[in-house]
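Here's the structure, in structure tokens; my notes come after.
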Amino acid sequence: MIIAATTLVLPIVLGQTFENIHVGFPDAWHGDKYRELFCPSTNIPKFLDGFFLCQLSASYGDFSAPPGKRLNHMVDAIGAIGSFHISNGQVTFSSRYYPSRPYKIWEFYDRNISKSSVAWSGWSDYNLTAMSRWEKVPTNPDSARFHPNLDFWRVGKRILAGTEAPFWIGYEFDVPTLTNFKLFNFVEENDIFSTPRPSMIPISMAIHERSDSDGIIWGSFSAMNFEEQRFYQGIFTLDPQGVRRVIGLFDYGKWDPNDCGKNDEYLG
């Protein structure tokens, strides 16, 4: 959430409150046809001026199809950013797809999910036949293998869209226009993310974090020593220059296959 309050005008608008605020939104929006969407809104305090950013989910379909057949896909975290611009009591909405590889594949196949077979590798098996065709997709230096899907970080003066992938993937972009998406890589001053090895491999990274007043971000991650079959929980800091340092590790202990039931439930 990125909303700036203009303190100079606060004495004039203290009578405004957040009660009875309403932001309208249509049932559907043709994002390729309309660059920006006006959201019918009421009682928005005029001292609010800024942007509310969100990671988008979506439903895809065909309005001309008969009832009951109009929706053909419902997707969580589609790889797109939404922005509600709040200014002078009005709200407008716009969105853009991240230029990630899944989006480029989908676009290359005429935005037909059935043709592109873009898979969520973390939650479903890869479509190997489709993957062989993906090599036709033109390369792009800012096309990441996955897309941001969860949250936003402020690193120095940059706003980054990120994901919980064990290896960081984040886009820096221009907030007012939702343009100029560039991959932003951390400077890894640690021996876990900088040089992955079997003795310590990150397996997840939370993007729900704490930010200090000096701009330092605190985050956590999980890792595993595959040689010893041991799990760890780690804490890292990220400074305004984008330097990540691992400052602590907690040893959860050795993994025991006897602690796992037939349905992957923990029995320990």
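The table that follows gives values for the structure above.
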quantity	calculated
Scan of the range 35-44 for residues that are more than 28 Å from residue 150 (Cβ to Cβ) and assigned to a loop (DSSP other than H, G, I, E, B), ordered by number	40, 43
The lone exception for residue 106 - which of (1) modelled with pLDDT of 75 or more; (2) assigned to a loop (DSSP other than H, G, I, E, B); (3) touching a helix residue (DSSP H, G or I) at 6+ places or on another chain (Cβ under 6 Å) it fails	(2)
Condition check for residue 155: crowded, with 18+ Cβ neighbours inside 10 Å, of a type outside the set (Ser, Thr, Tyr) and at pLDDT 85 or above	yes
Of residues in the range 36-76 being closer than 26 Å to residue 91 by Cα and among the hydroxyl-bearing types (Ser, Thr, Tyr), the one surrounded by the fewest Cβ atoms within 10 Å (Cβ to Cβ)	42
Tally of residues being surrounded by 15 or more Cβ atoms within 10 Å (Cβ to Cβ), over 10 Å from residue 134 (Cα atoms) and over 19 Å from the mean Cα position of the chain (by Cα) across the range 93-120	0
Any hit, the range 223-239, residues being more than 22 Å from residue 104 (Cβ to Cβ), touching a Pro at 6+ places or on another chain (Cβ under 9 Å) and among the aromatic types (Phe, Trp, Tyr)	yes
Residue count, the range 187-200 (criterion: among the β-branched types (Val, Ile, Thr) and surrounded by fewer than 16 Cβ atoms within 10 Å (Cβ to Cβ))	2
Residues being touching a residue at least 40 places away in the same chain (Cβ under 8 Å) and not β-branched (Val, Ile, Thr) - total across the range 192-211	7
Residue list for the range 49-70, restricted to those being of a type outside the set (Gly, Ala, Ser), within 22 Å of the chain's Cα centre (by Cα) and outside any strand (DSSP E or B)	56
Qualifying residue in the range 71-88 (condition: in a helix (DSSP H, G or I), over 18 Å from residue 37 (Cα atoms), hydrophobic (A, V, I, L, M, F, W, C) and modelled with pLDDT under 85)	no
Residues of the range 201-217 satisfying the condition of being charged (D, E, K, R) and surrounded by 14 or more Cβ atoms within 10 Å (Cβ to Cβ)	209
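The rows are residues; the columns are (1) at pLDDT 80 or above; (2) touching a strand residue (DSSP E or B) at 6+ places or on another chain (Cβ under 7 Å).
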site	(1), (2)
96	yes, yes
101	yes, no
115	no, no
128	no, no
140	no, no
159	yes, yes
172	yes, yes
202	yes, yes
205	yes, yes
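The values are calculated or read from the model by the stated rules, or taken from the named source; none is laboratory data. In this text, all values refer to a predicted model and were calculated from it rather than measured experimentally. Positions of Cβ are generated from backbone atoms using ideal geometry, with glycine treated the same way; all protein chains shown enter the neighbour counts.
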